[in-house]
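Before any comments, here is the structure.
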Amino acid sequence: MQRGILDFWVGLFVIGGIAALLFLAVKVSTINTLSTADSYEVTADFNNIGGLKVRAPVKSAGVVVGRVAKISFDNGNFEAKVALRLDKRYQFPADTSASILTSGLLGEQYVALQPGGDSKNLANGGKIRITQSAVVLENLISQFIYNKAQDKGAGHANP
């Protein structure tokens, strides 16, 4: 009888632990309460989006103002087309610029919006024309190594 009670409490503790882990997983995931009724969608074209993913945050001044809704490839100009769903509470001027940045050194990528000074605001279906692509760490490292190799080669050429 004693063994059965102990097994019951251990089982209850394990179920509680699993429930707590599931709760934490939902809390820290990128699930957002941004509904489609209270938002508007704009697009932006980038040469390189790096590791940007759908549902990545869209931030302005460090505040999450929306999410990446869709990523597609434009066969016409060979660029990535990113659809951003922004909360209606946040209105941005028509000349707003968008950049793809990384949280920390190796963190997740997000879209940063820098408001412009235009008197007209972006509307649903609008397009952000000023964009800055993602900085790809691998490209920076290979460029650094290539430049160092060139510097070394040039040093040996002149005795």
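The values are calculated or read from the model by the stated rules, or taken from the named source; none is laboratory data. On a predicted model such as this, the values are computed, not experimentally measured, just so you know. Cβ sites come from the backbone with ideal geometry, for glycine too, and all protein chains shown count toward neighbours. Heads up: the accessible areas ignore ligands, DNA and RNA and are worked out on the full protein's heavy atoms, side chains in. Shrake-Rupley method; radii C 1.70, N 1.55, O 1.52, S 1.80 Å.
Restricting attention to segment 35-42, does a residue exist that is among the small types (Gly, Ala, Ser), in a strand (DSSP E or B) and open to solvent by less than 60 Å² (accessible area, probe 1.4 Å)? So far as segment 35-42 goes, yes, one or more of its residues are among the small types (Gly, Ala, Ser), in a strand (DSSP E or B) and open to solvent by less than 60 Å² (accessible area, probe 1.4 Å). Considering the conditions (1) over 30 Å from LEU137 (Cα atoms); (2) in contact with a helix residue (DSSP H, G or I) (Cβ under 9 Å, 6 or more places away or on another chain); (3) exposed (fewer than 13 other Cβ atoms within 10 Å of the Cβ), LEU106 is excluded by exactly one of them, (1).
How about segment 70-86: which of its residues are in a strand (DSSP E or B) and either open to solvent by 70 Å² or more (accessible area, probe 1.4 Å) or more than 13 Å from ASN124 (Cα to Cα) (or both)?
Step one: list which residues in segment 70-86 are in a strand (DSSP E or B), which gives 70-74, 79-86.
Selection gives LYS70, ILE71, SER72, PHE73, ASP74, GLU79, ALA80, LYS81, VAL82.
So for segment 87-94 (the condition being of a type in the set (Lys, Arg), under 16 Å from GLY125 (Cα atoms), in contact (Cβ under 8 Å) with a residue 40 or more places away in the chain and in contact with a Gly (Cβ under 7 Å, 6 or more places away or on another chain)), does at least one residue qualify? Scanning segment 87-94 turns up no residue that is of a type in the set (Lys, Arg), under 16 Å from GLY125 (Cα atoms), in contact (Cβ under 8 Å) with a residue 40 or more places away in the chain and in contact with a Gly (Cβ under 7 Å, 6 or more places away or on another chain).
Could you please find all residues in segment 120-154 being of a type in the set (D, E, K, R) and either surrounded by 11 or more Cβ atoms within 10 Å (Cβ to Cβ) or touching a residue at least 24 places away in the same chain (Cβ under 8 Å) (or both)? Give the derivation first.
So the first thing to find is which residues in segment 120-154 are of a type in the set (D, E, K, R), and the list is 120, 127, 129, 138, 148, 151-152.
Correct list: LYS120, LYS127, ARG129.
Residues of segment 52-68 that are at negative phi and open to solvent by 40 Å² or more (accessible area, probe 1.4 Å): LYS53, VAL54, LYS59, VAL63, VAL64.
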